[in-house]
Amino acid sequence: MSGSGRSEPPPAPDALPIPVVDNHTHLDIARDGSELPDIQAVIDDATAVGVPRMIQIGCDLASARFTVDVIERYAALLGGVALHPNEAPRLHAIGELDSAKAEIERLASHPRVRVIGETGLDYFRTAPEGIQAQQDSFRWHIDLAKRTGKVLQVHDRDAHEDVLRILSEEGAPEHTVLHCFSGDIAMARECVDLGYHLSFSGTVTFKNARGLRNALSVTPMDNLLVETDAPFLTPAPHRGAINAPYLVPLTVRAMADVLNVDVPALCTALAANSERIYGRW
Ligand SMILES: [Zn+2]
């Protein structure tokens, strides 16, 4: 990190007593001009604090190809591939969406790709003229997850209502994960009733995230997952630093506080949920 002008990486938190999975991370995204992380070092740092397994998520063609490459080389990683809700309208506009879908479908057939995602809706970053292509792409990814029997990971930014509506219109895959869950209590209850999994990121530790903590507090442990969405969404007290899977324990401990359960019990549930839906590593 020397010479980058960025402060030192946050120190390693205390290790978790039982290993858990980082359900959603981006090992191919460097933030603000920083260097791409060395993957073995990321895995080693995370393993040292009880996070020995992670799911690498590829969001565009280059990233999906990267994902298939690294899941073949690192036993700690499983993968997810998709065209991100912000990528699909861009490809549609230049006439390349159909060929991109064909390649995603081909990459998705890899036995260590266990996730179709992240797909979904992002009304924060997409202009009105891109919404139709985004919704069509979401529907296509839902269908792909069902045809391949893989887990659907959904990105939902400022689009709660349409995400739930389209999932119900299409029929959600057997295992559906709302990645970086951002809804309120009512939405959490609705998702739990539908059998979805809610994956919480570092945002649950943010001071202003009371509504999100309330949503977490009503979610049964069987429906919970944890993730970093690294390099983004770094948990408190390191908000703003570069995130990485070794910081998952901060989020897990904050979740245990909110749920009023002990950390080993939560870790056991998180690990079991990940294995149940993604299969063996
Ligand atoms: Zn992500």
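The values are calculated or read from the model by the stated rules, or taken from the named source; none is laboratory data. The structure displayed is predicted, hence computed values, not measured ones. Methodologically, a virtual Cβ is constructed for each residue, glycine included, from the backbone with ideal geometry; neighbour enumeration extends over all protein chains shown. Note: areas computed on protein heavy atoms with side chains; ligands, DNA, RNA excluded. Shrake-Rupley method; radii C 1.70, N 1.55, O 1.52, S 1.80 Å.
Do you know which residues across region 205-227 are assigned to a strand (DSSP E or B) and either open to solvent by 20 Å² or more (accessible area, probe 1.4 Å) or not hydrophobic (A, V, I, L, M, F, W, C) (or both)?
Passing the criteria: none in range.
Among the residues of region 206-222, how many are among the hydroxyl-bearing types (Ser, Thr, Tyr) and farther than 14 Å from ALA186 by Cα?
Number satisfying all stated conditions: 0.
Output the number of the condition that ARG239 fails; it satisfies all remaining conditions of (1) farther than 19 Å from ASP193 by Cα; (2) out of contact with any Gly (no Cβ under 8 Å at 6 or more places or on another chain); (3) assigned to a loop (DSSP other than H, G, I, E, B).
The one condition ARG239 does not meet is (2).
Somewhere in region 191-198, is a residue within 16 Å of the ligand (Cβ to nearest atom), in contact (Cβ under 8 Å) with a residue 60 or more places away in the chain, surrounded by 20 or more Cβ atoms within 10 Å (Cβ to Cβ) and part of a strand (DSSP E or B)?
yes
Find all pairs meeting these conditions: Cβ atoms under 9 angstrom apart; at least six residues apart or on different chains; first residue within region 210-229 and at positive phi; second residue in a helix (DSSP H, G or I) and surrounded by fewer than 23 Cβ atoms within 10 Å (Cβ to Cβ).
Filtered contacts from region 210-229: ASP229/THR203.
Would you check if VAL252 is under 28 Å from LYS150 (Cα atoms), in a helix (DSSP H, G or I) and touching a residue at least 40 places away in the same chain (Cβ under 8 Å)?
yes
Could you check GLY95 against (1) closer than 20 Å to ALA41 by Cβ; (2) surrounded by fewer than 23 Cβ atoms within 10 Å (Cβ to Cβ) and say which number it fails?
Here GLY95 meets the rest and fails (1).
Looking only at region 92-147, count every residue that is without any contact (Cβ under 8 Å) to a residue 24 or more places away in the chain, of a type in the set (A, V, I, L, M, F, W, C) and within 20 Å of ARG65 (Cα to Cα) and tell me the total.
Looking only at that region, the number is 1.
Test ALA236 against the criterion of being buried (at least 23 other Cβ atoms within 10 Å of the Cβ), of a type in the set (A, V, I, L, M) and free of Cβ contacts under 8 Å to residues at least 60 places away in the same chain, and give yes or no.
No; evaluated as a whole, the condition is false for this residue.
Would you check if PRO52 is in contact with a helix residue (DSSP H, G or I) (Cβ under 8 Å, 6 or more places away or on another chain), modelled with pLDDT of 95 or more, more than 15 Å from the ligand (Cβ to nearest atom) and farther than 26 Å from THR119 by Cα?
Taking the combined requirement at face value, the residue does not satisfy it.
Residues to consider are ILE104, ILE94; find the one that is away from the ligand (no atom under 16 Å from the Cβ) and either over 16 Å from the mean Cα position of the chain (by Cα) or farther than 29 Å from TYR246 by Cα (or both).
Going through ILE104, ILE94 in turn, just one is away from the ligand (no atom under 16 Å from the Cβ) and either over 16 Å from the mean Cα position of the chain (by Cα) or farther than 29 Å from TYR246 by Cα (or both): ILE94.
I'd like to verify a number: residues in region 134-157 that are open to solvent by less than 10 Å² (accessible area, probe 1.4 Å), in a helix (DSSP H, G or I) and hydrophobic (A, V, I, L, M, F, W, C), how many?
Count: 4.
Restricted to region 18-45, and to residues that are farther than 21 Å from VAL68 by Cβ and surrounded by 12 or more Cβ atoms within 10 Å (Cβ to Cβ), which residue is farthest from the ligand (Cβ to nearest atom)?
ILE18
Within region 255-267, does at least one residue satisfy the condition of being under 22 Å from HIS175 (Cα atoms), of a type outside the set (S, T, N, Q) and open to solvent by 10 Å² or more (accessible area, probe 1.4 Å)?
no
Pull out all pairs, ordered by first then second residue, where Cβ-Cβ is under 8 Å, the residues are six or more apart or on different chains, the first lies in region 150-162 and is under 15 Å from LEU225 (Cβ atoms), and the second is crowded, with 24+ Cβ neighbours inside 10 Å and of a type in the set (Asp, Glu).
Every condition considered, the pairs that remain are GLN153/GLU118; VAL154/GLU118; HIS155/GLU118.
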